[in-house]
Amino acid sequence: MPKEETTHFGYKTIPISEKTEKVASVFHSVASRYDIMNDLMSFGLHRLWKRMAVAKCAVRPNHIILDLAGGTGDITSLLAKKLTGAGQVILSDINNSMLSEGRDRLLNEGCFGPIKFVQANAEKLPFPDEFFDCIIIGFGLRNVTHKESALMEMARTLKPGGRVVILEFSHPKNAFLNKAYDAYSFSVLPILGELVAQDSASYQYLAESIRMHPNQEALKSMMETAGLEHCEYQNIHQGIVAIHTGFKF
């Protein structure tokens, strides 16, 4: 019998067939505390990063936009406020606990009109070719098992002239900052996770998943291989976070 292919789950090596379920268990566990943990972990800066990423989307009133791995819907909320007419944003996530949190949050905010909800796997999107004017994924790509497949699906479902925007934790360029970032991620985040979400293990995984994510140049190359063009990235806070963009022509 051939040996099963493996992948990483944080720093652990696991059978590739187990990753989706393991990632799902992390987000089922943290869904109800996800937003408050984001505020605490980033000192509220994640809100600024998401606004910067949404600005890269160059939203027009009638655009159809996919917020992929959109979780609790904060990026969707920002996008929906920019849409009029036939414009629509689809909030999609593979995890039903996160999607439910997003639906409840957006309903409470009263911005339900131009929004639809779809539970979907980023590696096999249930949308036709050339459907979206823009696809944005914020802090979700690093959790996808086959990132190349997800990028190819984004390219497939994007209209000619459309763009992909990827907001993700990345790799700081400054050696001192990189060490300080590691110390914070592996010492503070699990403690916050235990105190606030009663789940230190999930936040240990999230810290590890950041380190295992491709660096800026590697992700840019992956986007180009998937068929996107004019790919570039903007480092924020010297590369703690990066916003990648790519276009389809």
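The values are calculated or read from the model by the stated rules, or taken from the named source; none is laboratory data. What you see is a predicted model, and the numbers here were worked out from it, not measured in a lab. Here the Cβ is made from the backbone with ideal geometry for all residues, glycine too, and neighbour counts use every protein chain on show. Calculation scope for accessible area: heavy atoms of the full protein, side chains included, ligands and nucleic acids excluded. Shrake-Rupley method; radii C 1.70, N 1.55, O 1.52, S 1.80 Å.
Contact annotation: residue pairs with Cβ atoms under 8 Å, 6 or more positions apart or on different chains, pairing a residue in region 86-107 that is in contact (Cβ under 8 Å) with a residue 60 or more places away in the chain and over 20 Å from residue 36 (Cβ atoms) with a partner that is among the polar types (S, T, N, Q) and assigned to a loop (DSSP other than H, G, I, E, B), are 94/121. Go through region 84-93 and give me each residue that's hydrophobic (A, V, I, L, M, F, W, C) and either closer than 21 Å to residue 49 by Cβ or modelled with pLDDT of 95 or more (or both). Scanning region 84-93 gives 89, 90, 91.
Among residues of region 159-171 that are in a loop (DSSP other than H, G, I, E, B), those with a beta-carbon under 9 Å from a residue that is aromatic (Phe, Trp, Tyr) at least six positions away or on a different chain give the pairs 170/233. Taken together, 100, 29 contain a single residue that is modelled with pLDDT under 85, within 25 Å of residue 124 (Cα to Cα) and of a type in the set (Ser, Thr, Tyr), which is 29.
With respect to (1) surrounded by 14 or more Cβ atoms within 10 Å (Cβ to Cβ); (2) over 18 Å from residue 223 (Cβ atoms); (3) at pLDDT 95 or above, the lone exception for residue 122 is condition (2).
Any residue at all in region 63-79 that's under 12 Å from the mean Cα position of the chain (by Cα), at pLDDT 95 or above and farther than 20 Å from residue 38 by Cβ? The answer is yes; a qualifying residue exists. On the stretch given as region 145-191, residues that are open to solvent by less than 20 Å² (accessible area, probe 1.4 Å), modelled with pLDDT of 95 or more and of a type in the set (A, V, I, L, M) total 9.
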